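Student: Can you read through this structure? Questions will come right after.
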Amino acid sequence: MDALRRLPRLFYGHVLKDPLLEPVFRDMDPGHPEHVAIWLAEVFGGPETYSHDHGGHRHMVGRHLGKGITEEQRRRWVNLLFDAADEAGLPADPEFRSAFAAYVEWGSRLAVMFSQPGREVTVPEPMPKWDWGNRPPWQPPSD
C-alpha cells in the first residue's frame with residue numbers, strides 16, 4: 001500500500017507540471033491521489049474500500065464525463081504513469097508490470113471513451129478486478 005500511495009502522489013506532481021495534462025487536472029481535489037491509491041488497491045485484489053467509500057467503478061467513470069480527453073493526452077498520461085511506477089518503487093517483475101500495463105491501457109482508453117461529449121453512464125459499471133493472465137473484467141457495450 002505504501003508504493004500505491006507514493007505512485008499517485010508522484011504521478012500527479014508530474015501531471016500538474018505537464019502543459020498537455022495540467023489543464024485537465026488543474027482543479028483536481030487534493031484528496032484525489034489518495035483516492036487513486038485506494039482504487040488501484042481494490043482493482044488489484046485489495047480491500048473494497050473504493051467501492052464502499054467512493055462509489056465504485058460507476059463513480060470513477062462519471063468523473064471522466066465531459067472532459068474531452070484526447071489520444072495525445074491519454075498517451076502522455078500513460079507514459080507519465082509508467083515513469084512514476086518506477087519512481088514509486090512498484091514491483092518490477094514482468095508478471096506484475098505486464099498486468100499493470102494492461103490495466104493502464106484498458107482503463108485509459110475507457111477514460112477517453114467516457115470523456116467524450118454526450119457520453120453518459122447508463123449501464124451498471126462493475127468494479128474491475130485485474131489479475132495476472134485474465135481478460136479485462138468489463139467490456140463497453142457495442143454502439
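The values are calculated or read from the model by the stated rules, or taken from the named source; none is laboratory data. The model shown is predicted, which means the values in this text are computed figures rather than measured ones. Cβ coordinates were reconstructed from backbone atoms using ideal geometry, including for glycine residues, and neighbour counts include every protein chain displayed. What goes into the accessible areas is simple: the full protein's heavy atoms, side chains included, and nothing from ligands, DNA or RNA. Shrake-Rupley method; radii C 1.70, N 1.55, O 1.52, S 1.80 Å.
Student: DSSP loop (so not H, G, I, E, B), at most 15 other Cβ within 10 Å: list which GluC sites (Glu not before Pro) in the range 11-91 pass both filters.
Tutor: The qualifying sites are E48.
Student: Could I ask something else about it? Residue separation times 0.36 nm, minus the C-alpha to C-alpha distance between T49 and K17: what's the value?
Tutor: On the way: separation 32, 0.36 × 32 = 11.52 nm, distance 2.96 nm.
Additional length available on full extension: 8.6 nm.
Student: Considering Cα pairs under 8 angstrom that are at least six residues apart, work out the relative contact order of the chain and quote it in whole percent.
Tutor: Details: 149 pairs, mean separation 45.7, N = 143.
Relative CO of the chain lands at 32 percent.
Student: Provide the FRET efficiency to the nearest 0.05 for the R119-R9 pair, computing r from the beta carbons and using R0 = 30 Å. Walk me through the numbers before you get to the answer.
Tutor: Values: r = 29 Å, r/R0 = 0.97.
Taking R0 as 30 Å, the efficiency between R119 and R9 is 0.55.
Student: Add -39500 (n - 2.57) for each DSSP H run of 4 or more in the chain, then divide by its residues: what number comes out at 222 nm, to the nearest 500 deg cm²/dmol? Working shown, then result.
Tutor: Details: 7 runs with 83 residues, N = 143.
The helix-only estimate for the chain comes to -18000 deg cm²/dmol at 222 nm.
Student: So what is the diffusion coefficient of the range 23-136 in µm² per second by Stokes-Einstein at 4 °C and 1.567 mPa s, using a Kirkwood Rh over Cα pairs? Don't jump to the answer; show the numbers that get you there.
Tutor: Working: Rh = 15.0 Å.
Value of D from the Cα-based Kirkwood radius: 86 µm²/s.
Student: Taking only protein heavy atoms into account and a 1.4 Å probe, give the accessible area per residue of the chain in Å². Please report the intermediate quantities before stating the final value.
Tutor: Details: 8000 Å² over 143 residues.
Result: 56 Å² of accessible area for each residue.
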